[in-house]
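To keep things clear, I will list the structure first and then write my remarks on it.
The values are calculated or read from the model by the stated rules, or taken from the named source; none is laboratory data. All values derive from a computational prediction rather than experimental measurement. Side chains are part of the model used for accessible areas, which takes the heavy atoms of the whole protein and leaves out ligands, DNA and RNA. Shrake-Rupley method; radii C 1.70, N 1.55, O 1.52, S 1.80 Å.
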Amino acid sequence: MTNDGPLKISLLFLATLILIVALSTHSFNKMLVTYIVGILGIAGLLLPDWDYFNRDFSRWPYPVTSEERTSLAQPSGFQRFAYSPMRVIAYSLVYGYAMYKWWEYISN
């Protein structure tokens, strides 16, 4: 990752969320679950090889060629994400379910 600004912002937001959970629940276990879910969520969003996933969906089973990598050169940070309906649906389902389960655990 050449520009770590989005990562720093995400980690700062996660630390703030952990502090809020700690102050409202007084539970170390709930803080730990919030940390783990947050780190996995950040890693799932910021760490994948987006040059690989920014291609057409039918090309995903095949390796990225050098021509595709140069043609897909994207700016770093949050601007590098292409808007793909398949990606939005997949991320919405996975992150929505994770947030639901996290909220269910935290609120009990």
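Numbers for the structure displayed
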{"read-out": "Accessible surface, 1.4 Å probe, highest first, among residues F53, F13", "value": "F13, F53"}
{"read-out": "Extension reserve of the V88-D56 stretch, reckoned as 0.36 nm per residue once the Cα distance is removed", "value": "10.1 nm"}
{"read-out": "Gained length - E67 relative to F28, 0.36 nm times residue gap less alpha-carbon distance", "value": "9.1 nm"}
{"read-out": "Cα Rg over Rh - the range 12-72, Kirkwood", "value": "1.29"}
